[in-house]
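Structure first, commentary second.
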Amino acid sequence: MTTPPVCNYEGSDYQSSFWEQGGREYEDRVEAIALKRLLPKGGRLMLEVGAGAGRNTPRYVGFERIVLLDYSQTQLEQAQGRLGKTEKYVYVAADAYRLPFVDGLFDAATMIRTLHHMAAAPRALQQVRNVLAPDATFILEFANKLNIKAILRYWFRRQAWSPFTREPVEFAKLNFDFHPKTIYNWLHELDFHVEKTLTVSHFRTHFLKRLVPLALLVFFDSMLQWTGAWFQLTPSVFVRAVVRDPAAVGSEAGAFFKCPECGHAPLEERAEFLTCHHCKRKWGIQGGIYDFREPIES
C-alpha cells in the first residue's frame, strides 16, 4: 500500500519562530485550557502523535509514561532538550500512517495541530484507533473549514471553496481544513464515542490580538469553548472521544514496538537498533530516539 505524502518539519525552527516569537501566546494558552478540560486525570501510557518539540507534553500530567511521536528527528531532539532523557519519555520518529506499536497498547492518545497535515486523514485515525486499548481516551484537534472567517470570505467571493461542503479542503500544500460532521463520521466509523467538543481560538485575528489585552481574550475564549457542544464556527475544534468497541482487546503483556513493515512483534532491542526477526529489517536508535522511518542497512 502506498504511503501518503508526509509533512516533514525536519530542520525547522517551528517552535521558536511560530510559537515563541510568532505572536501565538493567545492560541497556546487557550489550547492549554482546552486540553486541561478534556484530559483524563491520569493513566499508564500516553501517545502524543505529532509531538513536535514537546510544546504540549508537560501538560499531560498524571501519566506515568508519554511516547512522543513525530516524523522529524530534529523536532524530537528539541523535545529532548526541553524535557530531558528520562524513563518517563519515549521519543519515536515514525510515520503516523504506519505506527510502530502493538495494538491496544495505549490508554490515551492526543493529536493536536497534526491532522491538518494528513492527506489521508481517515487512515491516520485508523492507526491511532488500532493502538488504543478498550475505553482509551483520544483527544483530537482539527482545523475547521466551517469557521466564521471562511464563511464570510466565501459569501463575499474572497475564496472559491465552500466551507459548507463535507470534503476536506487543501488550502496550501499538505494543509487541510475539515468539516466537523466529516470528522464525527470518521470517528463513529472507527467505533469512537465523542464525549465532548470544545471550540477554541474564537478571537484568532491580528486585529483583536493587538487591540484587546491577552488576559481578556483568553478569559472570554475559555468561557465560549463550551459552545462547541452546540455549534462549531471557530478555526480550531477539540474533541474528546473514547473507544467503545466491545471487540477491542488490549496489548499482550510486555509487547511494545512492532515492525511497521510486516507488523511482527515483539522486536529485539539492542544498543543501536531494533531487529524484526520476521522480515529481518533493522530500525535505528540514535541519541535515545527510535527511528522507524526507514530501515537501516544490515
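The values are calculated or read from the model by the stated rules, or taken from the named source; none is laboratory data. The structure presented is a predicted model; accordingly, all values stated were derived computationally and were not measured. Virtual Cβ from ideal backbone geometry, glycine too; neighbours counted across all protein chains shown.
Looking only at the stretch 1-16, which residues are without any contact (Cβ under 8 Å) to a residue 12 or more places away in the chain, under 28 Å from Ala120 (Cβ atoms) and hydroxyl-bearing (Ser, Thr, Tyr)?
Passing the criteria: only Thr2.
Given the residues Thr114, Thr110, Thr2, Thr57, which is the only one that is surrounded by fewer than 19 Cβ atoms within 10 Å (Cβ to Cβ) and among the β-branched types (Val, Ile, Thr)? Even if it seems obvious, please write down each step before you answer.
Working: Thr114 fails: surrounded by fewer than 19 Cβ atoms within 10 Å (Cβ to Cβ); Thr110 fails: surrounded by fewer than 19 Cβ atoms within 10 Å (Cβ to Cβ); Thr57 fails: surrounded by fewer than 19 Cβ atoms within 10 Å (Cβ to Cβ).
Sole residue among the options that is surrounded by fewer than 19 Cβ atoms within 10 Å (Cβ to Cβ) and among the β-branched types (Val, Ile, Thr): Thr2.
Does Leu45 satisfy the condition of being surrounded by 19 or more Cβ atoms within 10 Å (Cβ to Cβ), more than 15 Å from the chain's Cα centre (by Cα) and assigned by TED's automatic domain parsing to the domain that holds His202?
yes
Count, please, the residues in the stretch 72-86 that happen to be in contact with a helix residue (DSSP H, G or I) (Cβ under 8 Å, 6 or more places away or on another chain) and outside any helix (DSSP H, G or I).
0
What are the residues in the stretch 197-219 that are surrounded by fewer than 17 Cβ atoms within 10 Å (Cβ to Cβ), in contact with a helix residue (DSSP H, G or I) (Cβ under 7 Å, 6 or more places away or on another chain) and at pLDDT 95 or above, if any?
Answer for the stretch 197-219, where residues must be surrounded by fewer than 17 Cβ atoms within 10 Å (Cβ to Cβ), in contact with a helix residue (DSSP H, G or I) (Cβ under 7 Å, 6 or more places away or on another chain) and at pLDDT 95 or above: just Leu214.
Search the stretch 22-37 for residues that are surrounded by fewer than 20 Cβ atoms within 10 Å (Cβ to Cβ) and pair each with any residue that is among the aromatic types (Phe, Trp, Tyr) and assigned to a helix (DSSP H, G or I) when their beta-carbon atoms are under 9 Å apart and the residues are at least 6 apart or on different chains.
These pairs meet every condition: Arg24/Phe18; Glu25/Trp19; Asp28/Trp19; Arg37/Trp226.
Is it the case that the stretch 53-69 has a residue that's within 20 Å of Leu140 (Cα to Cα) and polar (S, T, N, Q)? Reasoning before the result, please.
Of all residues in the stretch 53-69, those within 20 Å of Leu140 (Cα to Cα) come to 53-63, 65-69.
Narrowing the set further to residues that are polar (S, T, N, Q) leaves 56-57.
Checked the stretch 53-69: at least one residue is within 20 Å of Leu140 (Cα to Cα) and polar (S, T, N, Q).
Of the residues that sit in the stretch 48-71 and are part of a strand (DSSP E or B) and aliphatic (A, V, I, L, M), which one is nearest to Glu261 (Cα to Cα)? Show your work before the answer.
The initial filter retains those residues of the stretch 48-71 that are part of a strand (DSSP E or B), namely 48-49, 63-70.
Those still in the list that are aliphatic (A, V, I, L, M) too: 49, 66-69.
Details: Val49: 19, Ile66: 24, Val67: 20, Leu68: 20, Leu69: 17 Å.
If we take residues in the stretch 48-71 being part of a strand (DSSP E or B) and aliphatic (A, V, I, L, M), then Leu69 is nearest to Glu261 (Cα to Cα).
How do the helices (runs of 4 or more DSSP H) wholly within the stretch 118-212 filter down when requiring 1 or more residues that are within 30 Å of Gly263 (Cα to Cα): which remain?
Filter on the stretch 118-212 gives 121-131, 180-189.
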